[in-house]
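Visitor: Got a structure here, written out as structure tokens. Questions coming.
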């Protein structure tokens, strides 16, 4: 369930829908702990495509930022949260994520770290636990070069139509 693409300068990029779903599930666990309904479904269509373009753009930058470029704006997405984390360990063998094979436990750790990062940010915390979320998606890129790891994650969601609000109480 993961694709790995080698890039220049010995950096390998990992895109894993399994990791994305784990992050999405961690958000739902958090939502439920606050008495919120879990988000009904993980979007794997148009919203996910746009989210991946934004994640790829941020993964190519040293400093991540919310994208304001209209060509990347999905008409109708309501929320965007971005997260990035990196770690460098020398020698590389002491880094639990030094290779390109993410274990289930490593993905779970990255999922928890991502959601905790959003929880620790007042603005992002508010956004991931909003009451009215119809559907959402997560996209991530993990970059590994042997001694370091970097993860860039995007969260996007879509609000329900006003006529559907009663379903969220």
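Visitor: Do we have residue 108 as assigned to a loop (DSSP other than H, G, I, E, B) and modelled with pLDDT of 85 or more here?
Guide: For residue 108, the condition - assigned to a loop (DSSP other than H, G, I, E, B) and modelled with pLDDT of 85 or more - is not met.
Visitor: Name the single residue that is farthest from residue 155 (Cα to Cα) among those in the range 52-69 being modelled with pLDDT of 85 or more and in contact with a helix residue (DSSP H, G or I) (Cβ under 9 Å, 6 or more places away or on another chain).
Guide: Looking at residues that are modelled with pLDDT of 85 or more and in contact with a helix residue (DSSP H, G or I) (Cβ under 9 Å, 6 or more places away or on another chain), I get 57.
Visitor: While we're here: Just to be sure I understand, how many residues within the range 111-148 are touching a helix residue (DSSP H, G or I) at 6+ places or on another chain (Cβ under 9 Å) and part of a strand (DSSP E or B)?
Guide: Qualifying residue count for the region: 10.
Results for (1) within 16 Å of the chain's Cα centre (by Cα); (2) modelled with pLDDT under 95; (3) buried (at least 18 other Cβ atoms within 10 Å of the Cβ), shown as yes or no for each residue.
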position	(1), (2), (3)
7	no, yes, no
23	yes, no, yes
32	no, no, no
35	no, yes, no
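The values are calculated or read from the model by the stated rules, or taken from the named source; none is laboratory data. Worth saying up front: this structure is predicted, and the values here are computed from it rather than measured. All Cβ positions, glycine included, derive from the backbone under ideal geometry; neighbour counts span all protein chains shown.
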